Ligand code: 3H9
């Protein structure tokens, strides 16, 4: 008997409980344990039914993801589900928490399903580059038809137990004690002799032949747009289609082959890496040394785009927020920024008026700086300029209570210098929010040279409250994300001066999987920001380093991208995606000729080879210098803040999959053209020498 499954009898029912915290993942020991215990129940003449239930916080949340990529251990999950379904005793799945993936498939193998109203069910395998591989693609359509099944499996989004009941996956809902309700259900089945119905023999979902076919066609067309480049969603449709016309055994065989195909893709590897990377990034050394400080109220200095975004994120997480602006007109703007978003949420049905008033009751806009005195944390979100930030920090230092955490929202600036404006630099951290701060998930938490551990831990607590993905970043210009961006942005400008067009670079990057290319992104962010940065850094720039002036020439014309209607692209009538800027060619050609550059042709593959090499080389330095705690933190940063395609796992996972030796060879080849820009990262060199991967450092 193993200890991840427990067995007890209640009246005539055997209760088999999953005890594999935290989420009862269906690892090998759990799978064998379920089968062993079912056998015990089936051999006991006193037992007339079996309840499967999760211990702790949930019914199983799926297969054990850590096993993917390793050897397939028998019994596999499909065997377990079939074994459950073929039992002679009625099997009842009693669901609470989240029955996901293989967990829901176990429940579908059972003959009856009862769930707490608060439970959620779902088939999220697609987020891991997989499909439901333990019968889900065959059993759900037999109950719920093609449309609802495809929606559940291709979105991967869990649904409420109530919705599950509507589409006939859940038989009974309860708000009582789940085990009591399940035993009650079991007794009813025993007493009334309710016959067992195997899910695989149900047919109600198959009846609407025309509707099911239409659903398959519609889904394929929609995925061509929504899931371009992805593999698993299309295989899910194939499996659902197979379920409509095949016997259950043929269908299960088809599903198994498709599942193994998905399992073997690099997309699965990238997505599983991303799953664990984003959970790991919240694990920091400081958390083991100190508890976070109290954090229920915030003061935000500044009501502009960033300040109001941060305010909204904090209000929605249940905190009290004082927003400070310097005068009446500015605070009025801040209030309007906050209210506009809440009103939009109400109009879209995401928020009701009652919740809106509750949120606004915790919001206190003011022009009196002294009002920050009660806040547990103060976040400065003023203009990104060192002198201004230092002045604001002096003021914060004067009015903030002792013990408050003082934070600066900055994307590039030296957090030690900002902290030095106060008498309590060890209470200061940097918080790099991404715009819009109420939506974007990433939060870089920037650590100055000598912070209090509990200050760092409080930064991470803020992220948790706001449901953001935190990444611990060391202090350097641009931290993790913007530092790496500035390098591959520079590389993109080299590509253009050397012969590619911005459109060609953007297209290559989009085809790699990004939602937009670098020049589209610069236009969207505003070209004036980079221009100001370049001007500020002029005095410290290495005069021997190659400098491409194209973006400066564009800015000199007053073209700052989308906001001025012109940049690398043209935006007539405020369109979102730009069209070619006819005046750009002349600027680029004149820069090429000033620098004696004869334009070359670049293939898409070559563009990506250089783009990725520049990104990875800088990312390797970021890890080597301790700016990022681990390679996977760089991946998380680029995935959540910069649009790196999730199915590739992040730049350093991509590097491992591309092959570090090949990458080093690429960089050495480029180094011959420009030894200043292309300086091989010592970490890359070391990893290759020691035959290791970035993943070995995670
Ligand atoms: C599948 O089922 C395939 C089958 O169809 C076919 C097979 C043949 N395995 O997220 P949390 C860990 S594919 C292993 O922080 P929450 C997680 O890493 C699977 N570990 O908690 C973390 O570890 P740590 C389909 C898992 O409350 C800890 O548990 N299922 C698994 O915010 C807590 O997790 C899914 O894709 C797992 N399956 O959210 C569901 N799940 O503490 C994936 C979690 O060391 N899981 N861990 O960092 C989730 O979506 C969320 O974890 C869940 C809880 C919503 C359940």
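Any read-out appearing in this document is the output of simple, stated calculations on the displayed coordinates, not a laboratory observation. Keep in mind that what you see is a predicted model, and the values were worked out from it rather than measured. Cβ sites come from the backbone with ideal geometry, for glycine too, and all protein chains shown count toward neighbours.
A few remarks follow.
- For segment 291-477, alpha-carbon Rg relative to the globular expectation (2.2 N^0.38 Å, N residues): 0.95
- Between segment 285-331 and segment 345-413, the alpha-carbon center distance in angstrom: 4
- By DSSP, the beta bridges lying fully in segment 5-264 are antiparallel in about 30 percent of cases.
- Debye equation applied to the C-alpha atoms of segment 212-318, log10 I(q)/I(0) at 0.12, 0.13, 0.16 Å⁻¹: -0.74, -0.78, -0.88
- Helix-derived mean residue ellipticity, 222 nm - over the chain, DSSP H n ≥ 4, -39500 (n - 2.57), to 500: -15000 deg cm²/dmol
- Averaged over residues, the count of other Cβ atoms within 10 Å places the peptides 548-558, 227-237, 533-543, 595-605 in the sequence 227-237, 548-558, 595-605, 533-543, highest first.
- When both segment 581-650 and segment 1-23 are represented by their alpha-carbon centers, they are found 52 Å apart.
- As a calculated quantity, the FRET efficiency between residue 329 and residue 283 at R0 = 41 Å, using C-beta atoms, amounts to about 0.40.
- Alpha-carbon Rg/Rh ratio, for segment 387-473, with Rh computed the Kirkwood way: 0.95
- Compactness check for segment 612-691: Cα Rg over 2.2 N^0.38 Å is 1.05.
- Within segment 5-264, the proportion of C-alpha pairs whose separation exceeds 34 Å stands at 12%.
- Alpha-carbon geometry of segment 217-263: the Rg and the Dmax are 11.3, 32 Å, given in that order.
- Each peptide in 481-488, 643-650 was scored by the mean count of other Cβ atoms within 10 Å over its residues; highest first, the order is 643-650, 481-488.
- Remark: relative contact order (segment 539-698) = 17 percent; criterion is Cα-Cα distance under 8 angstrom and separation of 6 or more residues.
- Net length gained if the chain between residue 202 and residue 531 were fully extended (0.36 nm per residue, minus Cα distance): 112.0 nm
- Counting DSSP beta bridges with both ends in the chain, the antiparallel % (nearest 5): 25
- Among 186-199, 370-383, the peptide with the highest mean count of other Cβ atoms within 10 Å heads the list, and the full ranking is 370-383, 186-199.
- Estimated D of the chain in µm² per second, where Rh is the Kirkwood radius over Cα pairs and Stokes-Einstein applies at 37 °C, 0.692 mPa s: 117
- Long-range tail of P(r) for segment 1-137 (Cα pairs > 17 Å, %): 54
- Projected area averaged over orientations for segment 71-222, convex hull of C-alpha atoms, nm²: 9.7
- Summarising the strand pairing of segment 79-171, around 20 percent of its internal DSSP beta bridges are antiparallel.
- Calculated log₁₀ intensity ratio I(q)/I(0) where the Debye formula runs over C-alpha points of segment 285-364, q = 0.24 Å⁻¹: -1.09
- What separates the Cα centres of segment 242-259 and segment 147-203 is a distance of 23 Å.
- Here, segment 414-514 is characterised by an Rg to Rh ratio of 1.11, where Rg is the alpha-carbon radius of gyration and Rh the Kirkwood radius.
- For segment 541-698, a Kirkwood radius taken over Cα pairs fed into Stokes-Einstein (37 °C, viscosity 0.692 mPa s) yields D = 182 µm²/s.
- Near-label residues of segment 517-543 by backbone N, under 16 Å of a point 7 Å along Cα→Cβ of residue 477: 529-543
- Overall shape: rounded for segment 510-616, with the ratio a/c of the largest to smallest alpha carbon gyration tensor axis below 1.5.
- Förster-model FRET efficiency, 60 Å R0, residue 557 and residue 697, C-beta, rounded to 0.05: 0.85
- Taking all Cα pairs closer than 8 Å and separated by 6 or more residues, the relative contact order of segment 385-506 comes to 21 percent.
- For segment 105-156, taking the reciprocal of the average inverse distance between every pair of different Cα atoms yields a Kirkwood hydrodynamic radius of 11.6 Å.
- Note on segment 467-517: Kirkwood hydrodynamic radius from all Cα pairs is 12.7 Å, rounded to one decimal.
- Relative contact order [Cα under 8 Å, 6+ residues apart], the chain, whole percent: 9
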